[in-house]
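The values are calculated or read from the model by the stated rules, or taken from the named source; none is laboratory data. No experiment lies behind these values; they were computed from the predicted model shown. Cβ coordinates were reconstructed from backbone atoms using ideal geometry, including for glycine residues, and neighbour counts include every protein chain displayed. Surface accessibility is based on the protein's heavy atoms, side chains included, excluding ligands, DNA and RNA. Shrake-Rupley method; radii C 1.70, N 1.55, O 1.52, S 1.80 Å.
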Amino acid sequence: MSDQNSPEWRNANGLRRSGRQRLVNAARAELSASSAYSLLSYDELAAKVGMHPHAIRTMFPEEDGLLDAVNDLLVEECVTRLRHAIDQFEPEPTADGRNAFLDASVCIARAQPIDRSSLIIRAQRRLLALRRYETAAAVVEGERRYALGLTDVLEELVRRLRRRFRHPSAAIRLIIGSYERSYEAWLIGGGADDRFHESPFVQTTLPELLRDLTADPRE
């Protein structure tokens, strides 16, 4: 058995992690370009990352596993974009707080936590689970990780509003779900990716959600 503390084992393990990450990045780019899982070819991915197709099948025997790894990458992208925006967010003090909720909503939308390609990838993954029930558990777990990944950054946004979520888990899931569906409707209606902050959802609905789902910390 290999010594897990040996330099050789650590180096081999690091190479495996690096190869896995390159593969996931390539799969994310391929899915963004094709917008169809049926076009996700292990042979093409192998060529892109300089890896034998057998090595890919060793890491991801089932395509579902690779798709779930791509979803985890989307979570990281989403959290990174939001954290950068929220770190710079300073709400303007107002008498009733209404403008602060609007400022927070616009802050979220301008960060573009999701884009057209990530929306398509996540929607296609859910569709695949509906068609193949045996993959549903992984999708449910992926959605749970998605919500957990966004919890800290959204709670930080609410703290900057001098508020707290009444029921954090339920509130964050509601915000994520309504944001995605509204963004999807915006794109289907011909809205520009980078103008979603002007949508009725961001201008009216999301501020109301932030107000109604939160409370004064002293309460």
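Quick rundown of the values:
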quantity: Residue match in region 150-167 (condition: within 18 Å of D115 (Cβ to Cβ) and open to solvent by less than 60 Å² (accessible area, probe 1.4 Å)); calculated: yes
quantity: All positions within region 140-182 that are in contact (Cβ under 8 Å) with a residue 24 or more places away in the chain and of a type in the set (K, R); calculated: R145, R160, R162, R163, R164, R166, R173
quantity: Tally of residues being in contact (Cβ under 8 Å) with a residue 24 or more places away in the chain and assigned to a helix (DSSP H, G or I) across region 183-209; calculated: 14
quantity: Test: E134 is open to solvent by less than 70 Å² (accessible area, probe 1.4 Å) and either in contact (Cβ under 8 Å) with a residue 12 or more places away in the chain or outside any loop (DSSP other than H, G, I, E, B) (or both); calculated: no
